[in-house]
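Bear in mind that the values in this text are calculations on the coordinates, not laboratory data. The structure presented is a predicted model; accordingly, all values stated were derived computationally and were not measured. For neighbour counting, all protein chains shown are included, and Cβ atoms are generated from backbone atoms with ideal geometry for every residue, glycine included.
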Amino acid sequence: MLDWVFPPFCCGCGQIGEEICPACWESIRLLSGQLTCVTCGKLIERGSLCPNCQTDPPTYDQLKSWALYEGAVRSMVTGIKFERKLGLIPYLVKPITSAISTWEPKVDWITAVPLGRRRQHERGYNQSALIAEKVAAKLKIPYSNELLIRVRETHSQVGLNADERRQNMVNAFTADPAFCRGKAVLLIDDIATTGATLNACAKALHAAEAEKIFCFTVARTDHHPISNPIFTEVSNERQS
Ligand SMILES: [Zn+2]
Ligand SMILES: [Zn+2]
């Protein structure tokens, strides 16, 4: 009924009719089928591990993402996060569920990267948790928002380099061994840039004796040298 009175318009091109139109949906570049680092999921040009994972491997076992953070995906992620376009969530839940079932990590729990209390209060919802909860239900894997907690607010990661991002996240999270001990956890977030936030979460889960830590994000920023403008654009946006 509301759709008839106020028809939705595409978050990508503005066309009236759907939250995202078929043409914008078709334009999405998926990460599956691209050459990515087996550990951190970053686009690479050759081999199986990116240089970072060779010299300084992350605490998590594997990170994968659904699509590149550009165009329609960027409009969807920022629309959900900053403009309350929650009608976009169902569009993401289906392909993310199927990407995770194809990947098939054996996990006991699904959780989402938590927001700090202040940000959660301001926004009224945690966009990653809304997605993770629905994906978990479809996959029939238990979901909990209690196993990982953000113990302090962090500064925006915008404009920070990889080291600064890592520094900013030190001791930002804590995890509950009652949930984690000996368990495999899949952590879901909306976007991965350097993976610093996910790795900080992974460190907390590891400290709480989680056995395996897998991460999945809706979007991944592209560090590929040819597409650097995309990364620059991301840096100018609000994040987290
Ligand atoms: Zn469109
Ligand atoms: Zn890597």
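Partners of K138 within straight-line reach, counting aspartates and glutamates whose Cα lies under 15 Å from its Cα and excluding those fewer than 8 residues away in the same chain: E104, D108.
Take the Cβ atoms of S156 and I89, set R0 to 25 Å, and the FRET efficiency comes out at 0.60. About its Cα centre, the dipole of the chain is roughly 360 debye, where the only charges are +1 on Lys and Arg Cβ and -1 on Asp and Glu Cβ.
Counted by neighbouring Cβ atoms within 10 Å, the residues F82, F173, F6 run from fewest to most as F6, F82, F173.
Can you tell me the length gained on complete extension of the stretch E45 to K140, counting 0.36 nm per residue apart and subtracting the Cα distance? Intermediate results must be reported in sequence, preceding the final value.
Values: separation 95, 0.36 × 95 = 34.20 nm, distance 3.57 nm.
Extra length from E45 to K140 when fully extended: 30.6 nm.
Going 7 Å from the Cα of Q54 in the Cα-to-Cβ direction, what parts of the stretch 6-42 have a backbone nitrogen less than 19 Å from that spot? Under 19 Å, as judged by backbone N against the label point of Q54, lie 35-42 of the stretch 6-42. Within the straight-line cut-off of under 13 Å between alpha carbons, the aspartates and glutamates reachable from K106 are D61, E211, sequence neighbours fewer than 8 places apart in one chain being disregarded. Put a dot 7 Å past the Cα of E211, heading toward its Cβ, do the same for W103, and the two dots end up 2.0 nm apart. Hydrodynamic analysis of the stretch 29-235 uses the Kirkwood radius over alpha carbon pairs. Inserted into Stokes-Einstein at 20 °C and 1.002 mPa s, it gives a translational diffusion coefficient of 126 µm²/s.
Give K64/K203; K81/K212; K42/K140 a once-over and call out the pairs whose C-alpha atoms are over 20 Å from each other. Don't skip to the end; give the middle numbers.
Details: K64/K203 18 Å; K81/K212 28 Å; K42/K140 28 Å.
Check vs 20 Å cut-off fails for K81/K212; K42/K140.
Legend: helices of the chain (whole DSSP H runs) are marked when their alpha-carbon atoms reach 20 angstrom or more along the helix axis and their mean Kyte-Doolittle hydropathy is at least 0.5; marked are 89-103.
How long is the gain from S27 to R181 if the chain were fully straight, where each residue apart is worth 0.36 nm and the alpha carbon distance is subtracted? Intermediate values should be presented prior to the final figure.
Numbers: separation 154, 0.36 × 154 = 55.44 nm, distance 4.17 nm.
Between S27 and R181, full extension yields 51.3 nm more.
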